[in-house]
Amino acid sequence: MIVFLMAMREEALPLIGYLGLQRSKQPTLFPVFRNGDTWLTVSGVGKVNAAAAATALFHVAQQARDAVWLNVGIAGHADLPVGTLRSAHTVTDRASGARWYPPQVLLAGIASSPLTSVDTPELGYPDESLYDMEGAGFYPAALRCSTAEAVQCLKVVSDTREHSVEHLSPRRIGELIDAHREAIADTGAALREATDSLRSARDTDPDVAALLTRHRFSVTQQRQLTRLAQRLAVRAPGQPLIDEAVARARSSRAVLRALQQRLDTLPMQLRTG
Amino acid sequence: MIYIEDALGGHPRAQRILARFPQATRVGCARYTEVFNPRAQNFRLQKRDPALLLAHKHRRLVLPAPPGYGIGGTHNYYFSHMLNCVYDCRYCFLQGMFRSAHYVVFVNYEDFATAIDSTLARHDGDHCWFFSGYDCDSLAYDPVTGFAEWALECFARRPRAHLELRTKSTQIRSLLAREPLPNVVVAFSFTPAGAHAALEHKVPSLNKRLAALRKLADAGWRIGLRFDPLIYSAGYAADYRQLFEQVFAAVPGSSVHSVSFGAFRLPRDFFKTLVSLYPREPLFAGPLDTAAATIGYRNDLEAELLDFCEVQLRDRVNADRLFRCLP
């Protein structure tokens, strides 16, 4: 799953079009757009809005763990060329001094910069940081929903010392994001592939659900059943979980015993398949 | 990406390391722990492209080695100039211990020397062992860290201190560049070919490591052989017999300082983390006693594996140089 969080509608429109997103009909606190497992929300400007929108979307989007969370938007910078796309390798909340370090392990091809989130537009650009108003609200909120590698801020330089923010029109904002829509979507897809691999590795055999409805398993036994099913899937790939012995079992304990006995008879190979 | 603690400033070793990566983005931080090991990090994802962290080690520079880690010495300690490893061995406890796969290099080596001196002073007149390959591979990242050159100089001046460099690498240039030291053992870890292929990702081939080992032995260095962890598989007996034949054929008996072996074991919490990272790893789906506080092979299989290997090793090395690692 990918979640895009954008502050302004003008920033969001290019991605909404490119990704074929439709306005969600669900009642939501913030506007939500969706196409399959790709979600986008428009938070409004500022840290509080960004944090609230991330939290709200987490609940709207089935509370999926290990999703990709991208805060995409425009940012100021002292002297980078207008239109430059950067990821944030640090996110600093100027007001509190809090700082986060998004791991840049899956962002090949996009150069990175520090990002400072401010409460009012920064017009002096005092250092080499990108300046925005959402990153430090978005990042800690999204970090509660996913793993740090999949939570990133992607910013397009919109204003600099030589190109004042005052001349930034809604149309120009849209153009700046639109110019990078492919790179942004590709980054999301690459991150999703990585996080999907984590999730698919944890998928459990559908027969586990069937067994859970047939017998009463305690919480501990449910965990044991899930792990036994995983181990059997690795040691004897392709073989059904419910064989004759398991089908005959009359209790949860007997099911676990039958599975453990089957596991114990399998030869140990260090490679599957 | 290289993260550097702000306080390191112009530390010469940090500067030397940075100079090796002129294209890398440099990011300052107050303490490396801001980047390394905070919550919500995934070791498996980070292992795809780990960053380098340059840091200063402030406390606990030299620590007592876990019981059962020694090779005949009475006083055993370890120290870590680095956290994490360039290799990706599926059985490695570091995956369970750390949330981050980034490499942390503590550049204040001289403070390790001071801590080693303090440790030696506590054991007046006695010899002490210092193991350097506990939280990392001692040599694998040596072209970057320059650790071996420093460590050899350090231990050359401290004859009461013994050093074990433990490695799976072939980075032996700094050892070959100088005369061997009687108080240094270069220990190589091995598993059979099948386990190496399945579990020791990015580790140089057995033949390359045996060639490195041979060069060191020929140069006069004392060699340690480490068969730890022992990995169980259906054909373990034939696999280990072949491995022992290959390894002992490559190194003259007179060069072998010590041989140690021990079964695959992990603390329960580390094991749970590893399973959540790699639920489809056959090693973790194997015949393990998952109810115990320390996860290892079922008692009967572990005893069978250990006893078989001990018999094989006793045929090849004197008992006074053979050590069974305790759990």
- Tabulated pairs, the stretch B:18-43, first within 8 Å of chain A (Cβ to nearest Cβ), second surrounded by fewer than 15 Cβ atoms within 10 Å (Cβ to Cβ) and of a type in the set (K, R), C-beta under 9 angstrom, 6+ apart or interchain: B:A40/A:R144
- Note on the structure: Among the residues of the stretch B:195-233, the number that are more than 19 Å from the chain's Cα centre (by Cα), within 14 Å of chain A (Cβ to nearest Cβ) and open to solvent by 30 Å² or more (accessible area, probe 1.4 Å) is 1
- Query: What pairs come up if the first residue lies in the stretch B:161-176 and is within 23 Å of B:G73 (Cα to Cα), the second is of a type in the set (K, R) and in a strand (DSSP E or B), and their beta carbons are under 8 Å apart, counting only those six or more places apart or on different chains?
  - Reply: B:R166/B:R226
- Query: Quick check: is even one residue across the stretch B:166-187 open to solvent by less than 20 Å² (accessible area, probe 1.4 Å) and within 14 Å of another protein chain (Cβ to nearest Cβ)?
  - Reply: no
- Item | Checklist (1) more than 19 Å from A:L191 (Cα to Cα); (2) modelled with pLDDT of 95 or more; (3) open to solvent by less than 60 Å² (accessible area, probe 1.4 Å) applied to A:T55, failing item | (3)
- Note on the structure: Of the residues in the stretch A:240-273, those that are in contact with a Ser or Thr (Cβ under 8 Å, 6 or more places away or on another chain) and either open to solvent by 40 Å² or more (accessible area, probe 1.4 Å) or on the phi > 0 side of the Ramachandran plot (or both) number 1
- Only unsatisfied item for B:G9, checking (1) small (G, A, S); (2) open to solvent by 20 Å² or more (accessible area, probe 1.4 Å); (3) within 14 Å of chain A (Cβ to nearest Cβ), is (3)
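A quick yes/no check of all residues on (1) within 11 Å of chain A (Cβ to nearest Cβ); (2) aromatic (F, W, Y):
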position	(1), (2)
B:I4	no, no
B:H58	no, no
B:A65	no, no
B:G72	no, no
B:H75	no, no
B:F79	no, yes
B:R99	yes, no
- Note on the structure: Cβ pairs under 6 Å, 6+ apart or interchain, first in the stretch B:187-208 and more than 17 Å from B:S233 (Cβ to Cβ), second modelled with pLDDT of 95 or more and open to solvent by 40 Å² or more (accessible area, probe 1.4 Å), ordered by first then second residue, are B:P204/B:T170; B:K208/B:T170
- Message: Out of B:R122, B:R60, B:R48, I need the residue that is open to solvent by 20 Å² or more (accessible area, probe 1.4 Å), without any contact (Cβ under 8 Å) to a residue 12 or more places away in the chain and either on the phi > 0 side of the Ramachandran plot or in contact with a His (Cβ under 8 Å, 6 or more places away or on another chain) (or both). Which one?
- Response: B:R60
- Filter the stretch B:139-160 down to the residues that are of a type in the set (G, A, S) and over 16 Å from B:L61 (Cβ atoms), then identify the one that is most open to solvent (accessible area, probe 1.4 Å). B:A156
- Per the filter on the stretch A:190-219, residues away from every other protein chain (no Cβ under 14 Å) and open to solvent by 90 Å² or more (accessible area, probe 1.4 Å) are A:P206, A:T213, A:R214, A:R216, A:V219
- Message: Looking only at residues that are over 17 Å from B:Y232 (Cβ atoms) and part of a loop (DSSP other than H, G, I, E, B) in the stretch A:250-273, which one is farthest from the other protein chains (Cβ to nearest Cβ)?
- Response: A:R250
- Query: Mind checking which residues of the stretch B:98-125 are over 27 Å from B:P12 (Cβ atoms) and either of a type in the set (F, W, Y) or touching a strand residue (DSSP E or B) at 6+ places or on another chain (Cβ under 6 Å) (or both)?
  - Reply: B:F98, B:H123
- Message: Suppose we filter the stretch B:70-113 for residues that are open to solvent by 20 Å² or more (accessible area, probe 1.4 Å), more than 26 Å from B:S258 (Cα to Cα) and either free of Cβ contacts under 8 Å to residues at least 40 places away in the same chain or under 19 Å from the mean Cα position of the chain (by Cα) (or both); how many remain?
- Response: 5
- Query: Do any strands (runs of 3 or more DSSP E) lying entirely in the stretch B:255-327 carry at least 3 residues that are of a type outside the set (F, W, Y) and in contact with a strand residue (DSSP E or B) (Cβ under 8 Å, 6 or more places away or on another chain), and which ones are they?
  - Reply: B:256-263, B:265-267, B:294-297
- Taking the stretch A:115-137 only, how many residues are of a type in the set (F, W, Y) and within 15 Å of A:A95 (Cβ to Cβ)? 1
- Message: Quick check on my filter: what residues within the stretch B:285-309 are within 14 Å of chain A (Cβ to nearest Cβ) and either surrounded by fewer than 16 Cβ atoms within 10 Å (Cβ to Cβ) or without any contact (Cβ under 8 Å) to a residue 24 or more places away in the chain (or both)?
- Response: B:A285, B:L288, B:D289, B:T290, B:A291, B:R298, B:N299, B:D300, B:E304
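Table: residues versus (1) assigned to a helix (DSSP H, G or I); (2) open to solvent by less than 20 Å² (accessible area, probe 1.4 Å); (3) touching a strand residue (DSSP E or B) at 6+ places or on another chain (Cβ under 6 Å).
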| residue | (1), (2), (3) |
| --- | --- |
| A:V3 | no, yes, yes |
| A:L13 | yes, no, no |
| A:G17 | yes, no, no |
| A:N49 | yes, no, no |
| A:A64 | no, no, no |
- Message: Out of the strands (runs of 3 or more DSSP E) lying entirely within the stretch A:105-189, which hold 1 or more residues that are open to solvent by 10 Å² or more (accessible area, probe 1.4 Å) and among the small types (G, A, S)?
- Response: A:112-117
- Query: In the stretch A:237-249, what residues are more than 10 Å from chain B (Cβ to nearest Cβ) and either under 30 Å from B:P192 (Cα atoms) or assigned to a loop (DSSP other than H, G, I, E, B) (or both)?
  - Reply: A:G238, A:Q239, A:P240, A:L241, A:I242, A:D243, A:A249
- Message: Can you tell me how many residues within the stretch A:88-123 are within 12 Å of another protein chain (Cβ to nearest Cβ) and of a type in the set (S, T, Y)?
- Response: 5
- Note on the structure: Contact list, first residue from the stretch B:136-147 and under 10 Å from B:M82 (Cα atoms), second anywhere and among the basic types (K, R), beta-carbon distance below 7 Å, six or more apart or interchain, is B:D137/B:K168; B:S138/B:R166
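The values are calculated or read from the model by the stated rules, or taken from the named source; none is laboratory data. The structure presented is a predicted model; accordingly, all values stated were derived computationally and were not measured. Glycine gets a Cβ as well: all are built from the backbone with ideal geometry, and neighbour counts include every protein chain shown. SASA here: full protein model, heavy atoms, side chains in, ligands and nucleic acids out. Shrake-Rupley method; radii C 1.70, N 1.55, O 1.52, S 1.80 Å.
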